[in-house]
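Each remark here refers to the structure printed beneath this line.
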Amino acid sequence: MTDSSPLADSLAEVTGLDLHMHSTASDGALAPAELMALCRTRGLTHLALTDHDTVEGVAEADVAARELGLRLLPATELSSQWSGINIHVVGLLPEGARGPLAEGLAEQARARAARAEEIARRLEAIGLDDALAKARAQAGSERPLGRPDFARALVADGLVKDIGTAFKKYLGNGKRGDIKAHWPALEAVVAWVVAAGGVAVLAHPLRYGLTRRKRGLLLDAFRAAGGEAVELVSGFQNPDQTRDLARQLIERDLSGSVGSDFHAPGGPLAPGSMSPVPRVAVTPVWHHPRLAGFAAA
Ligand code: AMP
Ligand code: MN
Ligand code: MN
Ligand code: MN
């Protein structure tokens, strides 16, 4: 790395960086410009806005970031499936969402709409009447619907006591409202990111409930598809698990990224808040040649 970059040479020493955050363009609570202002207040300098399956928030965030003197990478968090599991891939997109990725995002929006109708049908069967309209009301805008909108609708109707229970009973992995059939294969979304001149980053690998062995198979498939980096730390996680994950990345020559997965103020997480990275020999993703412009001072 050049001396002119404010980013550290090691993942363990980086400060001021968050490469995974959400805005009102998907299921986050803050408008893109509000999110940038909060990042500035928290002393962050290098950011990626990673809304689910969209880059709709990036233009507003970019204007705000320039005014505030922040570096922003256009990005998105893509929904996909691998081995029957819903896997998220962050695309870091220094050249924006061009080429097949633009087509892909349009397809993701259609998939999300079709999935929302299916989720609504399934929740109506357990007593949430007019589920689609109620989820839309919770979203409060015309943006594509996500499972958190249905979770809030379930809470508002008194069918569950809180969001956590809504996921546990109805929307979480393997429950009736968890519908993966609409998402493309992991390999397809990685290919979109690569074709757009971006870097594909496997999001929060410790959050899929996989054994170490199965996680290794996921990393192999991701790398074979053209994936180049993995979130070594996502929000708060156990340091022993981080070290173990680091070994799996080093074995496969995968780079490491970090992010909070921030969605809303008021919780334990804020932009830039995540567990510290242990001293491990994982290459920081910002060393990637495609991200040189982002990393430069
Ligand atoms: P979707 O993109 O529609 O599949 O919704 C997935 C989103 O739901 C994740 O990005 C989280 O923001 C949220 N989510 C997933 N699991 C939970 C949970 N157990 N509690 C609260 N929110 C969750
Ligand atoms: Mn989310
Ligand atoms: Mn995710
Ligand atoms: Mn996320």
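The values are calculated or read from the model by the stated rules, or taken from the named source; none is laboratory data. Just so we're clear, the structure is a prediction, and the values are computed from it rather than from any experiment. Because the Cβ atoms are built from the backbone with ideal geometry, glycine has one as well, and the counts that use them run over all protein chains shown. Areas reflect the complete protein model, heavy atoms only, side chains present, ligands, DNA and RNA absent. Shrake-Rupley method; radii C 1.70, N 1.55, O 1.52, S 1.80 Å.
The listed residues are R176, R213, and the only one of them that is assigned to a loop (DSSP other than H, G, I, E, B), surrounded by fewer than 19 Cβ atoms within 10 Å (Cβ to Cβ) and more than 10 Å from ligand 1 (Cβ to nearest atom) turns out to be R176. Do we have L269 as in a loop (DSSP other than H, G, I, E, B) and on the phi < 0 side of the Ramachandran plot here? Criteria met by L269. Scanning segment 187-199 finds one or more residues that are within 16 Å of ligand 4 (Cβ to nearest atom) and within 23 Å of E231 (Cβ to Cβ). Among residues of segment 202-215 that are on the phi > 0 side of the Ramachandran plot, those with a Cβ under 7 angstrom from a residue that is within 16 Å of ligand 3 (Cβ to nearest atom) and not in a helix (DSSP H, G or I), sequence gap 6+ or separate chain, pair up as H204/H88; H204/E231; H204/S234; H204/D261; G209/N173. Entry remark, segment 278-292: residues being under 19 Å from C39 (Cβ atoms) and open to solvent by 20 Å² or more (accessible area, probe 1.4 Å) number 0 in total. Considering segment 142-155, the residues that are closer than 19 Å to A264 by Cβ and assigned to a loop (DSSP other than H, G, I, E, B) include one that is nearest to ligand 1 (Cβ to nearest atom), namely G146. Regarding G158, is this residue at pLDDT 95 or above, more than 16 Å from ligand 2 (Cβ to nearest atom), open to solvent by 40 Å² or more (accessible area, probe 1.4 Å) and assigned to a loop (DSSP other than H, G, I, E, B)? So G158 fits the description; yes.
Whenever a residue of segment 70-89 is closer than 18 Å to P205 by Cα and open to solvent by less than 20 Å² (accessible area, probe 1.4 Å), its partners that are of a type in the set (D, E) and at pLDDT 95 or above, lying with C-beta atoms within less than 8 angstrom and at least six residues away or across chains, give the pairs T76/D51; T76/D53; E77/D51; E77/D53; L78/D53; S79/D53; V89/E77. Output yes when any residue across segment 239-256 is surrounded by fewer than 18 Cβ atoms within 10 Å (Cβ to Cβ), within 16 Å of ligand 3 (Cβ to nearest atom) and either within 19 Å of the chain's Cα centre (by Cα) or within 23 Å of A188 (Cα to Cα) (or both), and no when none is. No: zero hits.
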